[in-house]
Structures are given as structure tokens and as C-alpha cells.
Amino acid sequence: MTIKSIILAGGSGTRLWPLSREQNPKQFLKLEKTSFFQNTVLRCLKLSDPSEIFVVTNVNQKFFVSGQMEEIGIDASQENILIEPQGKNTLPAICFGMNEIKKKYGKCSVGIFPSDHILDMAAMEQIKNAEKLCSQFLVTFGITPVSPHTGYGYIKPGKNLEIGSKVLEFREKPGLEAAKKFVQEKCLWNSGMFMFDTGVFFRELKTHAPDILAAFKQKGKNIEQIYDKIPSISIDYGIMEKSDKVAVVRLEHKWSDLGDFDSIFQEAGKNEQGNASYNCDEVSLNSSGNLIYSRKDKIVSLIDINDMVVVDTTDALLVCPRKSCQKVKEIVTSLKNQNNQKALFHLTVYRPWGSYTIMDDSERHKIKNITVTPGKKLSLQLHNHRSEHWVVVKGMAWIRIDDKEFYLRQGESTFIKAGIKHRLSNPGTIPLEIIEVQLGDYVGEDDIERFEDDFGRI
């Protein structure tokens, strides 16, 4: 019997702004060829068949999940993508996944993994072996500290078991002096990864969080009604710190939760000057210990600059000392308070059919570069407040405007009046690229009425 897997993929990653935005969070970022989420899925394949991997996420990230799984050759069943109606921390998310797995498979073991961590693939064999403990214990995984770190919780191991140890105590994120003490006491970093037997998990849930169990057991209630009734609480506060049936397995493998830009710097490859650069050409002088991210083919030069973070995206620039990068989330909070969309969106926005990049906009116009994946269709839709001009830049487009259907090729164009139903699709084998010019008294993304949609968005 294989182990089932739950991937928690609903986070926002505010400490990695401007790379990470609320609508494009860090788990889906690709600093290399694959994203952190995709790497997590690939690790889970060491435990589970593709059909036994469940992802708990939210409606805004649903299509990132399915699209990125498709990119690595996994046809994700929509039944396995579990949509939380609202974020309520890790215990409700895990309960949601465990409940669906129990309904489908009955009694079984389940590995639970955040979607945005770095972990050596070799660790999965050790995680798999921890299933031997699941019939008696809630199993968590601890990491041997490489330094006194104030950004992680700690686990103090107790009595040795056949594999791992009983947990003596959980400790919250400490100050520096307390962190030094915890390391001296041989405490482990709390990785946020778990393995649970469904039977043991629901028994401990009944003992320590009966209100949450009762909510999920209500007959005739949908997930929105269930989530309305339950508190926002972490798995550690809700069960792990209260239960006397918790074991920890020490992982002696490379791990990071990539909680901020300093974590990314620590994990990155460095050049001869000790700088880590992504997506750009770096030519620096007398500068070291810097994390640099910019745009492709752009030269970034630092002179007499040390231990800094420089993140340059199309619409935002962040510069701060590496030691201060935990404060980035305060910038995101400030942007949200100003209702600034740059806290939520990149200029490039991903959709289930492809993506679009905003090239220019004002109150009465917007210009987009739209890319449609081969074989994909946008919804049949209309806009009440704007007209649209489409020009094909690359590939071939199939167009429907009212009752007319026709093809457009490179260099050809069409016009859609406000209030007219229309649809765009890519019937070809290469990506379709068009320029869309919107004109009207309102060009917001919410001016859309859908009538048919391949992705269930009506």
C-alpha cells in the first residue's frame, strides 16, 4: 500500500515580494527550471502514485496547481485539488485533506508537505520509513540546526524510539539567545512536515480539537459552511503541542523553508565574489554577499555594496540589507492598505489558458500581450464597458464574435464592440500570441460576463 500525500499550497509568501505576489505566490516561482511546488510534487511521487497526491489550495491558485502539474507530466484530477473557501491556517487545511483521503481510501498513512520548501530528494526514503511509527504516533520531521535561527520553531526530542524519538516539547520561534540555548540542547528545527495515520489523526483531533472534527462530520454541509464554523488555528497549536502521542524523526538532509530572501541567498550558488544572481548578468566591483534578481539580458552592477538584496522586476524594485529582509512583509501590508494592486499581481498574470502581460494602461485604456497555450480556449464572454482590438503576433487564432467564426493569422486583426459575445482559442501546435487593445470608460478585470468556460469559472 502506497502512502498518500497532501501538499499545502495556499500560502501568499509576502516576505518574497516583489517576486511573490498574493495572486502569484512563492510556491509557484521558478528560480530554476521548475517551481518549488513542482519540486514538491516530484518528491511526493517517491511516496505516492500521481492519483494519490492531493493539493489543498484556494480558488485563486487552483489553475497554477493544475497547470504546473500538467507541465511536469501529471494530469491532476480536479477531485484531488481541494479548494479552501477561506484561509484558516494549517489544521483546517490538513483536516480537509485527511477527510477527503479517508472517504476515498479508508484507513491509510498520509504524508503532509508544505509546497514551498527545499528538500533533498534523498530525504524521501527516510520519510517513507517513518510510516512504521504512524500506527502509534503523530509523526513530525525535525531538521538538525546549522545555526541558531530565530525564524523557526524548535522541537525537543525525548525518549528514543525504534525510529526517531518521542517529542518532549515544542518551542515557538525564539529570540537569538533562546535559539542558541535550544541548539545547545540538541533541539531540532520544526520543518512543518508530517506523516499521519488517518485513524490516529482523527482520534487525536477528537480529543484536542473536537469542534473542528464535529464541523467536518456534519452531514449535508458544504465546505463553505464547514469553514464558517471553525477557528483559524495551526496544526501545532491545535493538536501537536497537546498530544502525548507525537514522535519526531530527524532528517539529516538539506532543507529550507525559503521564508525570506536571506534563505534564498543561503541556498543559492555563489560566484567567485560570493554573490548569488538570478535571471540577469552581474558585473560587480568590490561587492560580496549580495542576492541579485533582475530581468533577462539586463546587466546589474554593484560597486562597494555588501550583504544586500536587490530584486528588480518589471513593476517594482526592492533594495534592503539581507539582515532586514524579514521586514518585506511590512511593505506588502502598506501596499494593501493603499489598495495598491502591485501587492496582488505581477504585470504578467497567469490564467488556466495561458497568460497575459500588461504593457500599458490608464483609466480608459489597457494594452495586453496575451499568450494562449496550444489547444486552450478563453471563455465565451462579453464586456459591458469596453471594446477590444486584437492583432495576431504569432501563431493562428480561432475567433468567435457573436455568431461568426473565423481564423486569424500573423499580422491580421479584428475588432469586438462592447456588449458583444466573443471567444478566442488556439487551435495550433505553437503558442498563440496576440496584442489586445482595450478602450472604454472602464477597463477593470471584473468587467466580464462569462457564458461558456472550459475551466468552470461561470
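Read the figures in this text as sums done on the coordinates, not as results from a lab. Just so it is clear, the structure is predicted and the values come from calculations on it, not from any experiment. With ideal geometry, Cβ positions are generated from the backbone for all residues, glycine too; neighbour counts draw on all protein chains shown.
Observations on the structure shown:
- The HN-Hα couplings worked out from phi for region 261-266 by the Karplus form 6.51 cos²θ - 1.76 cosθ + 1.60 (θ = phi - 60°) are 5, 5, 4, 5, 4, 4 Hz, whole numbers, x standing for Gly and Pro.
- Positive dipole terminus of the chain, leading residue within Q341, C108, I401 (C-beta point charges): C108
- Mean residue ellipticity at 222 nm, helices only, the chain: -6000 deg cm²/dmol; runs of at least 4 DSSP H residues each add -39,500 (n - 2.57), and the sum is divided by the number of residues.
- Summing +1 for each Lys or Arg and -1 for each Asp or Glu among the other residues whose beta-carbon sits under 10 angstrom from that of K417 gives -1.
- Amide H to amide H, with H built 1.01 Å from N, D307 comes under 5 Å of S288, G289, N290, counting only residues 5 or more places away or on other chains.
- Pairs of lysine residues in region 348-452 - Cα separation under 23 Å, sequence separation of 8 or more or cross-chain: 19
- Close amide-amide hydrogen proximity is noted between M193 and F141, each under 5 Å apart and 5 or more residues distant or on a separate chain (H modeled in the peptide plane; Pro and chain starts excluded).
- Whole-Hz Karplus values for region 187-197 come out as 6, 10, 5, 7, 7, x, 9, 9, 9, 10, 7 Hz, taken residue by residue from phi with 6.51 cos²θ - 1.76 cosθ + 1.60 and θ = phi - 60°; glycine and proline positions read x.
- Taking Cα centre as origin and charging only the Cβ of basic (Lys, Arg, +1) and acidic (Asp, Glu, -1) residues, the dipole magnitude of the chain rounds to 1160 debye.
- Percent RCO, i.e. relative contact order, over region 239-338, from Cα pairs under 8 Å lying at least 6 residues apart: 18
- Estimated from the Cβ-Cβ distance and a Förster radius of 41 angstrom, the FRET efficiency linking L161 and E272 is about 0.35.
- A straight Cα-to-Cα reach below 19 Å connects K219 with the aspartates and glutamates E84, E100, D211, D228, residues fewer than 8 places away in its own chain not being considered.
- Excluding same-chain neighbours fewer than eight residues apart, the aspartates and glutamates reachable from K323 by a Cα-Cα span under 14 Å are D260, D262, D307.
- Only Lys, Arg (+1) and Asp, Glu (-1) charged, at Cβ; region 339-439 dipole about Cα centre in debye: 200
- Volume of the convex hull of the chain (Cα atoms only), normalised per residue: 167 Å³.
- J(HN,Hα) series, region 115-122, from Karplus relation 6.51 cos²θ - 1.76 cosθ + 1.60, nearest Hz, glycine and proline x: 8, 10, 9, 9, 8, 4, 4, 4
- Using the Cβ-Cβ distance between K128 and N384 with R0 set to 51 Å, the FRET efficiency works out to roughly 0.40.
- Neighbours of V372 by Cβ distance under 13 Å: Lys/Arg scored +1, Asp/Glu scored -1, total +3.
- Flagged links, alpha-carbon separation over 30 Å, of K30/K329; K296/K342; K128/K242; K4/K181: K4/K181
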